[in-house]
Amino acid sequence: MKILVTGGAGYIGSHTCIELLASGHEVVIVDNLSNSSEESMSRVEKISGKKMAFIHADIRDEAALDAAFSQHKVDAVIHFAGLKAVGESTEFPLKYYDNNVSGSCVLMQVMDKHNVNTLVFSSSATVYGDPATVPITEDFPLTTTNPYGQSKLVVEQMCRETVIANDNLSVVLLRYFNPVGAHISGTIGEDPKGIPNNLMPFITQVAVGKREFLSVFGDDYDTVDGTGVRDYIHVVDLAKGHVQAIEKLHGQAGCHTFNLGTGQGYSVLEMVAAFSKACNKEVPYKIIERRAGDIGQCYADPAYAKSVLDWQAEKTLDDMVNDSWRWQSNNPDGYSS
Ligand code: NAD
Ligand code: UD1
C-alpha cells in the first residue's frame, strides 16, 4: 500500500515508517518539523535502504494537503501529527485545539475529497482519565483532565461520528500507553526539546550527565512501592501495531478502537533500577511531592488487539532500557549531536 504518514518525522512516526517500509509499503510523510528534523527521515532511509517522499507542510494547510493527495495516490493515512505536552496544553489550550483538532478536521476533509477511506489515529491512554480499576479495557469510561487529553477525545468523537456518516470509512483509534525505547540501531529515538516531561527521556538525560537527578513525583500511591505504575511499551512494538492495524483493517468500514500496551505495569523505582542496570551506573533521584493531575496506576488489557490485530508486544523491559540507553549515549544531544 501507499501510506501517507502525518508527523512521520517524529518519535513514533519515524519508528513506524521503518516497519512500514520493511513490510513492503510505500511512505509519503507530511510534517511541519515543529518538533522534529529532516535528520530522522534520512536515518530511517539509511536503516531501511529505501526512499520516502517528504512534504514539508502543516496539516492545517488545506491547499498543501490537497496538493499532496493529488500528487500521491495514497491508499491510507496514519495520523501522528500533533502536539503532546500536557503542561503546555493547560497553558495554551487554543494552540492544542487548533493543532490537534482543527488539523485532524482538515485532514479528514481532504481525505474525503480524495476518496481515501482508511485512517489510523494516534490516541492515548490519557482518554481513560484516572481509571477506577486496572487493567483497562477499551470499553472503560472516557474522561480527561487537561486540554491535550480533551483534544484526543474530541478527535476520537469526530472519527466515530464521521464513520456513521460515511459507510466506506475505516478508522482505527490506537490508544497508546507509555511509549519508550528506540530502534535497536541506536540511530533513531526520542529527541525531546527542552526539559523532558516524561519519565524515560528524563532518566536517560540524568544518566548521560545532562541533568543532576530525577525527581520522583510521589511515593505514597497505592502501588507496589508507592511510586506511579505505568504500562511502558517499546516503540518498535508500538510501530508494528500500526502495520497490523492498517493491513487488517484497510477497507473494513467502521470505527475500531484498540489499546496498545503490554498489560504489565512497572513503578518509577522499578524503571530507575532497570535503567541503572542498563547504563551500569546509579541514576540519582529524589522523592518529591506528587505531580498535579497524575494518577497512581495505569496499565492496559491488550487482549482485544491480540484477537483482532494478531498483535502483541514482544519486547522486554531490558530491551526498552537497553535501546533507550544506546540511543541516548550515542546521541547525547539527540539529532543535533
Ligand atoms: P512527536 O512530537 O515526536 O511527533 C509528532 C510529529 O508531528 C512531529 O514530527 C511534529 O513536527 C509533527 N507535527 C506536529 N504538528 C503538526 C502539524 N500541524 N502539521 C504537520 N506536522 C505536525 O510525538 P510522538 O511522541 O511521535 O507522538 C505522535 C502522536 O502520538 C501524537 O499525536 C501524540 O499525541 C500521540 N501520543 C504520543 C504518546 C507519547 O508518549 N509519545 C502517547 C500517546 C499518544
Ligand atoms: C503523561 C501525561 C499523559 C500522556 C503520557 C504520554 C501528564 C499528567 N500525563 O502520562 O497525558 O498521555 O504522558 O505522553 O503529564 N515521573 C516522575 N518523574 C518525572 C517524570 C515522570 O516521577 O520526571 C513519573 C510520573 O509521576 C508517572 C510516571 O513517572 O508515575 C510516568 O510519567 P510520564 O512519563 O510523564 O507519563 P504519564 O504520567 O503516564
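The values are calculated or read from the model by the stated rules, or taken from the named source; none is laboratory data. Nothing here was measured: the structure is a model prediction, and the numbers come from that model. When we count neighbours, we look across all protein chains shown, and the Cβ atoms used for this are built from the backbone with ideal geometry, even at glycine.
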(request) Could you check V268 against (1) free of Cβ contacts under 8 Å to residues at least 60 places away in the same chain; (2) within 12 Å of ligand 2 (Cβ to nearest atom) and say which number it fails? (result) (1)
(request) Considering each residue of the stretch 194-223, count those that are more than 8 Å from ligand 2 (Cβ to nearest atom), among the hydrophobic types (A, V, I, L, M, F, W, C) and not in a helix (DSSP H, G or I), and give that number. (result) 3
(request) Within the stretch 166-193, track down each residue that is within 13 Å of ligand 2 (Cβ to nearest atom) and modelled with pLDDT under 95. (result) P192
(request) Find all pairs meeting these conditions: Cβ atoms under 7 angstrom apart; at least six residues apart or on different chains; first residue within the stretch 142-166 and part of a helix (DSSP H, G or I); second residue within 11 Å of ligand 2 (Cβ to nearest atom) and among the charged types (D, E, K, R). (result) Y148/K84
(message) Take T126 and tell me if it is at pLDDT below 95, within 10 Å of ligand 2 (Cβ to nearest atom), under 18 Å from A85 (Cβ atoms) and crowded, with 18+ Cβ neighbours inside 10 Å.
(response) no
(request) For the stretch 202-230, name all the residues that are without any contact (Cβ under 8 Å) to a residue 60 or more places away in the chain, of a type outside the set (D, E, K, R) and within 27 Å of S34 (Cβ to Cβ). (result) F202
(message) If F54 meets every condition in (1) within 12 Å of ligand 1 (Cβ to nearest atom); (2) among the aromatic types (F, W, Y); (3) assigned to a helix (DSSP H, G or I) apart from one, which number is that one?
(response) (3)
(message) Please determine whether any residue of the stretch 87-97 is among the acidic types (D, E) and away from ligand 2 (no atom under 16 Å from the Cβ).
(response) no
(message) I'd like the residue in the stretch 1-47 that is assigned to a loop (DSSP other than H, G, I, E, B) and among the aliphatic types (A, V, I, L, M) and, out of all such residues, is nearest to ligand 2 (Cβ to nearest atom).
(response) A9
(message) Residues that are within 16 Å of ligand 2 (Cβ to nearest atom), in a loop (DSSP other than H, G, I, E, B), closer than 17 Å to G189 by Cα and in contact with a strand residue (DSSP E or B) (Cβ under 8 Å, 6 or more places away or on another chain): does the stretch 65-82 have at least one?
(response) yes
(message) Of all residues being over 18 Å from the mean Cα position of the chain (by Cα) and within 9 Å of ligand 2 (Cβ to nearest atom) in the stretch 224-244, which is farthest from V27 (Cα to Cα)? Just the residue, please.
(response) T227
(request) Mind listing whichever residues of the stretch 113-139 are away from ligand 1 (no atom under 16 Å from the Cβ) and assigned to a loop (DSSP other than H, G, I, E, B)? (result) H114, N115, V116, N117, D130, A132, T133, V134, P135, T137, D139
(request) Among the residues of the stretch 267-296, write down those that are within 16 Å of ligand 1 (Cβ to nearest atom) and hydrophobic (A, V, I, L, M, F, W, C). (result) V268, M271, I295
(request) Select, from A300, A292, A278, the only residue that is free of Cβ contacts under 8 Å to residues at least 12 places away in the same chain and hydrophobic (A, V, I, L, M, F, W, C). (result) A292
(request) Kindly indicate which of T137, T144, T133 is among the polar types (S, T, N, Q), away from ligand 2 (no atom under 11 Å from the Cβ) and within 30 Å of H250 (Cβ to Cβ). (result) T137
(message) Being within 16 Å of ligand 1 (Cβ to nearest atom) and in contact with a Ser or Thr (Cβ under 9 Å, 6 or more places away or on another chain) is the requirement here; does I246 meet it?
(response) yes
(message) Could you list, ordered by first residue, the pairs with Cβ atoms under 6 Å in which the first is in the stretch 169-194 and closer than 15 Å to H242 by Cβ and the second is in a loop (DSSP other than H, G, I, E, B) and within 12 Å of ligand 1 (Cβ to nearest atom), at least 6 apart or interchain?
(response) F177/D231; F177/G261
(message) Looking only at the stretch 274-302, count every residue that is more than 15 Å from I233 (Cα to Cα), among the aliphatic types (A, V, I, L, M) and within 20 Å of the chain's Cα centre (by Cα) and tell me the total.
(response) 1
